[in-house]
1. Of the residues ALA236, ALA284, ALA270, ALA251, which is within 13 Å of ligand 2 (Cβ to nearest atom), assigned to a loop (DSSP other than H, G, I, E, B) and either open to solvent by 20 Å² or more (accessible area, probe 1.4 Å) or under 27 Å from MET120 (Cα atoms) (or both)?
2. Go through segment 102-125 residue by residue and tally those that are in contact with a His (Cβ under 8 Å, 6 or more places away or on another chain) and away from ligand 2 (no atom under 16 Å from the Cβ).
3. Identify, from the list ARG123, ARG117, ARG95, the residue that is charged (D, E, K, R), open to solvent by 80 Å² or more (accessible area, probe 1.4 Å) and away from ligand 1 (no atom under 16 Å from the Cβ).
4. Which one is nearest to GLN193 (Cα to Cα) among residues in segment 204-226 that are open to solvent by 10 Å² or more (accessible area, probe 1.4 Å) and in a loop (DSSP other than H, G, I, E, B)?
5. Pairs only if they're at least six apart or on different chains, beta carbon under 7 angstrom, first in segment 154-168 and within 11 Å of ligand 1 (Cβ to nearest atom), second aromatic (Phe, Trp, Tyr) and assigned to a loop (DSSP other than H, G, I, E, B); list them, first residue then second.
6. Go through (1) under 23 Å from the mean Cα position of the chain (by Cα); (2) closer than 16 Å to VAL226 by Cα and name the single condition GLY128 misses.
7. From the list LYS23, LYS63, which one is open to solvent by 80 Å² or more (accessible area, probe 1.4 Å) and over 30 Å from TYR160 (Cβ atoms)?
8. Here is a list of conditions, (1) open to solvent by 10 Å² or more (accessible area, probe 1.4 Å); (2) outside any strand (DSSP E or B); (3) under 24 Å from TRP75 (Cβ atoms), and GLU151 meets all of them except one; can you say which number that is?
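The values are calculated or read from the model by the stated rules, or taken from the named source; none is laboratory data. Note that the structure is a prediction, hence the values are computed from the model and not measured. Positions of Cβ are backbone-derived with ideal geometry, glycine not excepted, and every protein chain shown enters the neighbour counts. All accessible areas refer to the heavy atoms of the entire protein, side chains included, with ligands and DNA or RNA removed. Shrake-Rupley method; radii C 1.70, N 1.55, O 1.52, S 1.80 Å.
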Amino acid sequence: MSHTDAPAAAASGARATDKFRHKEVRADTPPERLSAIINDTLQGLFEVIRRHKITYAEYDAVKAWLIKVGEDGEWPLWLDVFVEHEVEEVSTAHRQGSKGSIEGPYYVPGAPELPARARMPMRPDEKGTPLLWKGQVTSVEGTPLGGAQVELWHADDDGYYSQFAEGMGIPEWNLRGTIVTDEEGRFEIQTMQPAPYAIPMDGATGQMTVAAGWSPFRPAHLHVKVSAPGHEQLTAQLYFRGGEYTDDDIASAVKPELLLDPQPRTDGGAGKEVTYGFVLDPVA
Ligand code: MBD
Ligand code: FE
């Protein structure tokens with residue numbers, strides 16, 4: 001696929017905004033806390049303005065760009081790429097169990113439910129390297145969590161996500177599924193390894209990235225949300241050791257604990273296999 005027939009930012013960015021509008025948002029931040037947060041945010045901004053002696057031309061360029069981020073529907077994209085990693089770090093610092101990572105803009109709740117041993121929804125001719133992923137979900141005490149949900153979503157071999165690449169004919173739930181673990185907390189999922197992901201380049205986020213001379217890539221990754229009653233939901237991403245951009249993720253969301261190292265299949269099957277499980281913290 002050439003970049004000229006890739007989906008427009010107005011497609012994937014605006015789609016992410018449409019999806020986010022359906023999310024129930026409720027922060028309950030008291031006024032004193034809100035006042036302190038806004039004040040500190042502005043003070044941080046003032047510090048940057050003084051340090052770099054920001055000009056009026058630059059101030060206007062920022063205004064124009066902020067307007068465009070909204071018009072392109074790219075606030076979820078921009079925020080999840082450049083800010084979410086810090087929120088994730090702070091809000092999961094107390095955990096004893098598995099490391100998590102950011103959710104990103106392309107999660108969709110309600111993906112088709114699949115048994116513990118399953119193949120992800122995919123096209124008959126889905127391109128890429130087949131990946132067999134085996135794992136177990138346990139508590140921090142090591143208790144297997146049967147009936148846990150492993151929601152898995154990821155890009156295809158061209159780096160596109162179903163429901164966020166309009167006009168490309170990708171089926172609605174392609175490479176999205178909700179796997180339910182067996183009574184031992186185990187699962188075995190067959191999928192296709194995703195390709196690295198490039199943020200859309202024709203919207204405000206890509207424009208900023210190019211203007212700053214930054215790389216627009218994320219390393220290839222699998223997204224998961226793991227949940228079980230009485231446990232904190234774990235949102236994570238898994239990457240591929242030695243893969244491109246694992247040291248240069250535009251979203252700053254790679255952690256050493258999240259690197260997979262798939263090996264050739266031992267049963268003679270096509271592609272690779274890997275074992276990786278999850279340990280969930282109890283709800284406080
Ligand atoms: C992605 O696929 C992603 O995971 C994040 C965090 C940001 C943009 C695109
Ligand atoms: Fe992603």
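1. ALA251
2. 0
3. Answer to the selection: ARG117.
4. Top of the filtered list is ALA220.
5. So the pair list comes out as ALA155/TYR161; TYR161/TYR106; PHE164/TYR106.
6. Every condition holds for GLY128 apart from (2).
7. Result of the check over LYS23, LYS63: LYS63.
8. That leaves (2) as the condition not met.
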